[in-house]
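Peer 1: Okay, handing you the structure first.
The values are calculated or read from the model by the stated rules, or taken from the named source; none is laboratory data. Keep in mind the model is a prediction, meaning the values are calculated, not measured. Note: ideal-geometry Cβ built from the backbone for every residue, glycine included; neighbour counts use all protein chains shown. The area values use the complete protein model at the heavy-atom level, side chains included, leaving out ligands, DNA and RNA. Shrake-Rupley method; radii C 1.70, N 1.55, O 1.52, S 1.80 Å.
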Amino acid sequence: MEEVVGWVNAKRKLGGIIFIELIPRSSLKPLTVVVKRDNSGLWEVAKKLKLGSAIRVKGEKVSGGISKRGEEFKPSEIVEVACPSESIPVDPLLKAGVTLDTLIRYRYLMLRNPKVRAVFKIRALLLKYAREYLESEGFLEVNTPKLCGAGAEGGAEVFELDYFGRKAYLAQSPQLYKQMLMAGLPKVYEITPYFRAEKHHTTRHLNESWGIDAEMGFIRGVDDVMRLLEGLISYILGELSKKAKEELNALGVEVEPPVIPFKRVTYDEVLKLLKEEGLVLRWGEDLTHEAERKLGEIMKEKGYELYFIINYPWEAKPFYIMKEGRLSKSFDLDYKGLEIASGGQREHRFNELIKNMREKGLNVEDFGFYLEAFKYGMPPHGGFGLGVERLLMSLLNLSNVREAILFPRDIQRLIP
Ligand code: ATP
Ligand code: MG
């Protein structure tokens, strides 16, 4: 005897048979519970069940039964554990016609849908494999403050709030803290929210997104950081391709573990490739979304889905990145035409760092606590920030980043 629990998603009566379409607690496949009139006790319970009822069913799976949809379950006991007080506003199994708005508004109900479920199962696995890999490389998981005293570090706007009469800011990234840690614990990672206050109207920006951030000390150069990141991505994709087959299938996605090393293309080469396609960028500016997408197409033709863009102009990068003449020791990692990570070697030399800050127009006094950590033997270091939702979006070919996070925060959405 087996027990299944879940929700009634549909009910049909055909002559002396009631077919109950049951969405199980956690698997991806609906079950059909078949109740026959000759079992009068069960029949009475089944008759009263509503769409959305939460039930507990004892019985056994039947192979080659009479139901045409889903696996069949022959019940010996059905208990309704929760009866809906209103009729359910969406049909979780009927994906067609569900707008993104509805999907998010009723996220908790849509999680009964196999595809939606699969996305969040893969998200959880992705984080698990990221931890596995980074731990195996000797990184320690840390947690740094999200309520911060220093404002924007550059590259993004921050949310401001009142902190006992003082100004505080929500962390746009763990950048400053993970760098400070390099003076004492030179291999750390953090899985963390980023809070960014830009009024984005795009399919790839959230105001609260999640990052996998890593930072390591005693590096020989920026290559050490890129090797870590490509190792991480290739481990995650490799594990997913082996262990999330059902979820990937449900989403119609095929994942191949990518070949290491990833392709590296310089910023200058990118500008040239884009120009050949008629897209001209000013040297020094960050790649626009259009440029990223176009580059994605060009790289795809060459057989690359994942590629590093290296040697960015320093003017396109934040103050903490190490300069190399007019260029910088930085990189972005793009996946199918979308930036999923940024990283680089950091400036660890106190005086150079202060020069960089002044050049970017930052007020050095505001960052005193951070700068202090660079006075006492700060080793050369580097790291990256990898966007969890961006990685999922590219991996699963989602059309909107909001599909990759349970309760997205954007200009319109602060609830649910
Ligand atoms: P973009 O240029 O695409 O706006 P960014 O360069 O400002 O991103 P970084 O500061 O480099 O972002 O952050 C590291 C990573 O975090 C990005 O590569 C991206 O994957 C992710 N990320 C950053 N901002 C957002 C956001 N607003 N929404 C979703 N993901 C984000
Ligand atoms: Mg970036």
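Peer 1: Which one is modelled with the highest pLDDT among residues in the stretch 273-313 that are within 14 Å of ligand 2 (Cβ to nearest atom) and out of contact with any helix residue (DSSP H, G or I) (no Cβ under 8 Å at 6 or more places or on another chain)?
Peer 2: Glu292
Peer 1: Separate question: Name every residue in the stretch 74-111 that is of a type in the set (A, V, I, L, M, F, W, C) and not in a helix (DSSP H, G or I), in order of residue number.
Peer 2: Ile78, Val79, Val81, Ala82, Cys83, Ile88, Val90, Leu93, Leu94, Ala96, Val98, Leu111
Peer 1: Still on this structure, I have one more. Can you go through Tyr129, Tyr133 and tell me which one is in contact (Cβ under 8 Å) with a residue 60 or more places away in the chain and more than 22 Å from Met182 (Cβ to Cβ)?
Peer 2: After ruling out the rest, the residue left standing is Tyr129.
Peer 1: Being within 16 Å of ligand 1 (Cβ to nearest atom) and in contact (Cβ under 8 Å) with a residue 12 or more places away in the chain narrows it down to one residue among Val270, Val265; which is it?
Peer 2: Val270
Peer 1: From the set of residues in the stretch 333-344 that are open to solvent by 20 Å² or more (accessible area, probe 1.4 Å) and in a strand (DSSP E or B), which is farthest from ligand 2 (Cβ to nearest atom)?
Peer 2: If we take residues in the stretch 333-344 being open to solvent by 20 Å² or more (accessible area, probe 1.4 Å) and in a strand (DSSP E or B), then Glu339 is farthest from ligand 2 (Cβ to nearest atom).
Peer 1: Turning to a different aspect of this structure: Take the residues in the stretch 202-237 that are assigned to a loop (DSSP other than H, G, I, E, B) and of a type in the set (Lys, Arg), then tell me which one is surrounded by the most Cβ atoms within 10 Å (Cβ to Cβ).
Peer 2: Going through the stretch 202-237, the residues assigned to a loop (DSSP other than H, G, I, E, B) turn out to be 202-207, 218-221.
This time we only want the ones that are of a type in the set (Lys, Arg), so: 204, 220.
Working: Arg204: 21, Arg220: 9.
Here the residue is Arg204.
Peer 1: Where residues in the stretch 280-316 are open to solvent by less than 20 Å² (accessible area, probe 1.4 Å) and assigned to a loop (DSSP other than H, G, I, E, B), which of them is farthest from Leu232 (Cα to Cα)?
Peer 2: Looking at the filtered set, the residue picked out is Gly284.
Peer 1: Also, quick follow-up: Among the candidates Lys355, Lys329, which residue alone is within 16 Å of ligand 2 (Cβ to nearest atom) and either over 21 Å from Tyr307 (Cα atoms) or open to solvent by 10 Å² or more (accessible area, probe 1.4 Å) (or both)? Step through it out loud before you land on a result.
Peer 2: Details: Lys355 fails: within 16 Å of ligand 2 (Cβ to nearest atom).
The match here is Lys329.
Peer 1: (1) touching a residue at least 24 places away in the same chain (Cβ under 8 Å); (2) of a type outside the set (S, T, N, Q); (3) over 14 Å from Phe384 (Cβ atoms): which one isn't true of Met216, the others all being true?
Peer 2: So Met216 meets the others, but not (3).
Peer 1: Considering only residues that are among the aliphatic types (A, V, I, L, M) and under 25 Å from Gln412 (Cα atoms), which ones fall in the stretch 69-120?
Peer 2: Those that are among the aliphatic types (A, V, I, L, M) and under 25 Å from Gln412 (Cα atoms): Ile88, Val90, Ala96, Val98, Leu100, Leu103, Ile104, Leu109, Met110, Leu111, Val116, Val119.
Peer 1: Still on this structure, I have one more. Within the stretch 317-332, track down each residue that is among the charged types (D, E, K, R) and outside any loop (DSSP other than H, G, I, E, B).
Peer 2: Selection gives Lys323, Glu324, Asp332.
Peer 1: What is the one condition in (1) surrounded by fewer than 16 Cβ atoms within 10 Å (Cβ to Cβ); (2) over 25 Å from His200 (Cβ atoms) that Leu127 does not satisfy?
Peer 2: Among (1) surrounded by fewer than 16 Cβ atoms within 10 Å (Cβ to Cβ); (2) over 25 Å from His200 (Cβ atoms), Leu127 violates only (2).
Peer 1: A further question follows. Taking the stretch 312-332 as the search range and keeping residues that are more than 15 Å from ligand 1 (Cβ to nearest atom) and aliphatic (A, V, I, L, M), which one is farthest from Ser173 (Cα to Cα)?
Peer 2: Leu327
Peer 1: Would you confirm whether or not the stretch 174-185 contains a residue that is assigned to a loop (DSSP other than H, G, I, E, B), closer than 17 Å to Ile340 by Cα and in contact with a strand residue (DSSP E or B) (Cβ under 9 Å, 6 or more places away or on another chain)? Spell out the reasoning first.
Peer 2: Let us first name the residues in the stretch 174-185 that are assigned to a loop (DSSP other than H, G, I, E, B), namely 174, 182-185.
Next, only the ones that are closer than 17 Å to Ile340 by Cα stay: 174.
Now drop any that are not in contact with a strand residue (DSSP E or B) (Cβ under 9 Å, 6 or more places away or on another chain), which leaves 174.
Checking the stretch 174-185: at least one residue is assigned to a loop (DSSP other than H, G, I, E, B), closer than 17 Å to Ile340 by Cα and in contact with a strand residue (DSSP E or B) (Cβ under 9 Å, 6 or more places away or on another chain).
Peer 1: Among the residues of the stretch 8-21, is any of a type in the set (Phe, Trp, Tyr), touching a Lys or Arg at 6+ places or on another chain (Cβ under 7 Å), assigned to a strand (DSSP E or B) and open to solvent by 20 Å² or more (accessible area, probe 1.4 Å)?
Peer 2: Within the stretch 8-21 (the criterion being of a type in the set (Phe, Trp, Tyr), touching a Lys or Arg at 6+ places or on another chain (Cβ under 7 Å), assigned to a strand (DSSP E or B) and open to solvent by 20 Å² or more (accessible area, probe 1.4 Å)), the answer is yes, since at least one residue qualifies.
Peer 1: Can you tell me how many residues in the stretch 238-247 are surrounded by fewer than 20 Cβ atoms within 10 Å (Cβ to Cβ) and touching a residue at least 12 places away in the same chain (Cβ under 8 Å)? Explain how you work it out, then say what you get.
Peer 2: We begin by selecting, within the stretch 238-247, every residue surrounded by fewer than 20 Cβ atoms within 10 Å (Cβ to Cβ); these are 238-239, 241-243, 245-246.
If we keep only those that are touching a residue at least 12 places away in the same chain (Cβ under 8 Å) as well, we get 238-239, 241, 243, 246.
Result for the stretch 238-247: 5.
Peer 1: Considering Leu406, Leu398, Leu386, which residue is touching a residue at least 60 places away in the same chain (Cβ under 8 Å), buried (at least 22 other Cβ atoms within 10 Å of the Cβ) and either under 18 Å from the mean Cα position of the chain (by Cα) or over 22 Å from Ser330 (Cα atoms) (or both)?
Peer 2: Within the list Leu406, Leu398, Leu386, the selection yields Leu386.
Peer 1: Those residues that are assigned to a strand (DSSP E or B), within 16 Å of ligand 2 (Cβ to nearest atom) and surrounded by fewer than 20 Cβ atoms within 10 Å (Cβ to Cβ), I need them from the stretch 191-201; list them, please.
Peer 2: none
Peer 1: To continue, here is another question. Within the stretch 189-244, work out how many residues are charged (D, E, K, R) and more than 16 Å from ligand 1 (Cβ to nearest atom).
Peer 2: Number of matching residues: 7.
Peer 1: Could you please let me know if Asn351 is within 29 Å of Ile191 (Cα to Cα), away from ligand 1 (no atom under 11 Å from the Cβ) and either in a strand (DSSP E or B) or among the polar types (S, T, N, Q) (or both)?
Peer 2: No.
Peer 1: Hey, does the stretch 398-407 have a residue that's away from ligand 2 (no atom under 16 Å from the Cβ), modelled with pLDDT of 95 or more, in a loop (DSSP other than H, G, I, E, B) and touching an Asp or Glu at 6+ places or on another chain (Cβ under 7 Å)?
Peer 2: Yes, the conditions are met somewhere in the stretch 398-407.
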